[in-house]
Amino acid sequence: MSNITKAISLGLLICTLPLTAQAAPEKKDRALIEPGKVHEVCMDLEFGRRLTYAFISSREMNFNIHYHEGEEVAYPIADHLTKEKNEIFTAQSNQGYCMMWTNPNDKPSRLNVIYKVR
């Protein structure tokens, strides 16, 4: 490897270190959701931050992303029936946001979630 190539490689590595150091770790969550019960994964997000998430469940469940303002509940992602998703959500304001699953089935449903805030 030439000295120029080594210098360029080192420069690129140094430039990416702050980005790597600031990157939030990927998080995982698993749950067995009983019939009629709810499971939530909540986090604080600042305006413009992105939540990358993916999940799969053994049965279709109602899913939404919501936040509370006083006694009101806002749904940036409306409740809908789904078994899996792989999406990116961008925070519209500084809030505590929750991903929520509700099991409408007569049998328990397994849920596996992977998410990361960027």
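Every read-out reported here was derived from the displayed coordinates using simple, explicitly stated rules and does not represent laboratory data. In this text, all values refer to a predicted model and were calculated from it rather than measured experimentally. As a convention, Cβ positions derive from the backbone with ideal geometry for all residues, glycine included, and neighbour counts pool all protein chains shown.
A few points about this structure:
- Placing dummy labels 7 Å off each Cα toward the beta-carbon, the span from K28 to S58 is 1.8 nm.
- Eligible lysines near K28 by straight Cα distance, threshold 22 Å, same-chain separation 8 or greater: K37, K83, K85, K116
- Summing charges over all other residues whose Cβ lies under 13 Å from the Cβ of E34, with Lys and Arg as +1 and Asp and Glu as -1, gives +3.
- Region 26-117, dipole about Cα centre (Lys/Arg Cβ +1, Asp/Glu Cβ -1), debye to the nearest 20: 520
- With the simple spin-label model, which puts each label point 7 Å out from Cα in the Cβ direction, the A74 to C42 separation comes to 1.7 nm.
- Cut-off 15 Å between beta-carbons: net charge of the residues surrounding P108, Lys and Arg +1, Asp and Glu -1: +3
- Whole-number percent relative contact order across region 26-117, with pairs defined as alpha carbons under 8 Å at least 6 apart: 51
- Going by neighbour counts of Cβ atoms within 10 Å, the residues Y53, Y75 line up, fewest first, as Y75, Y53.
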